[in-house]
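No lab work stands behind these numbers, since they all come straight from the coordinates. Keep in mind it's a predicted model, so treat the numbers as computed, not measured. Neighbour counts run over all protein chains shown; Cβ positions are idealised from the backbone, glycine included.
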Amino acid sequence: MAKEKATITVDRAKLSEARAVLGVSSASAAIDVALTELLRRRRVLHDVEAYTRTPSTDEEVALGHALPDWSDLADDTDWDAEWPADS
């Protein structure tokens, strides 16, 4: 990845805290991590906003309200007898 040298003004206390929290020794590393995290969060936020702008279809709404039918799992099997504790 290409890097660009830049002169920036930052709050020294924030930069010092960021370096300590991230366990990095350089200001450049701390800022690189901070920018990476900012971009990741913005991408996730953008994705979430995109999905919330799209109305759910009737099928999606119905699927959200559907309850599983567990009746096919009901039986008279005595599972303790099938699987003895000492086996």
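To the nearest 500 deg cm²/dmol, what mean residue ellipticity at 222 nm is calculated for the chain from DSSP H runs of n ≥ 4 alone, each contributing -39,500 (n - 2.57), summed and divided by the residues?
Values: 4 runs with 50 residues, N = 87.
-18000 deg cm²/dmol, from helical runs alone.
Here the Karplus curve 6.51 cos²θ - 1.76 cosθ + 1.60, taken at θ = phi - 60°, turns the phi angles of segment 52-65 into couplings of 6, 7, 8, x, 5, 7, 4, 5, 5, 5, 4, 5, x, 8 Hz, with x standing for Gly and Pro.
Gain in length, Thr54 to Met1, computed as 0.36 nm per residue apart minus the alpha-carbon separation, to one decimal in nm? Walk me through the numbers on the way to the answer.
Details: separation 53, 0.36 × 53 = 19.08 nm, distance 3.50 nm.
Contour length minus Cα-Cα distance gives 15.6 nm.
Potential lengthening of the chain between Lys14 and Asp75 amounts to 15.7 nm, from the contour at 0.36 nm per residue minus the alpha-carbon distance. Note that segment 34-48 has calculated 3J(HN,Hα) couplings of 4, 5, 4, 5, 4, 5, 4, 5, 5, 5, 4, 4, 4, 5, 4 Hz, one per residue in order, obtained from phi through the Karplus relation 6.51 cos²θ - 1.76 cosθ + 1.60 (θ = phi - 60°); glycine and proline are x.
In the chain, a dipole from Cβ-located charges (positive for Lys and Arg, negative for Asp and Glu) runs towards its positive end, and of Val10, Val61, Ala74 it is Val10 whose Cα lies farthest in that direction. The spacing between segment 53-74 and segment 1-20, judged by their C-alpha centroids, is 49 Å.
What is the magnitude of the charge dipole of segment 18-87 about its Cα centre, with +1 placed on the Cβ of each Lys and Arg, -1 on the Cβ of each Asp and Glu, and no other charges, expressed in debye to the nearest 20?
Numbers: 6 positive and 15 negative charges, 308 e Å.
Approximately 1480 debye in magnitude.
All other residues whose Cβ lies under 13 angstrom from that of Glu82 are scored, Lys and Arg at +1 and Asp and Glu at -1, for a net of -4. Kirkwood's formula applied to the C-alpha pairs of the chain gives a hydrodynamic radius of 19.5 angstrom.
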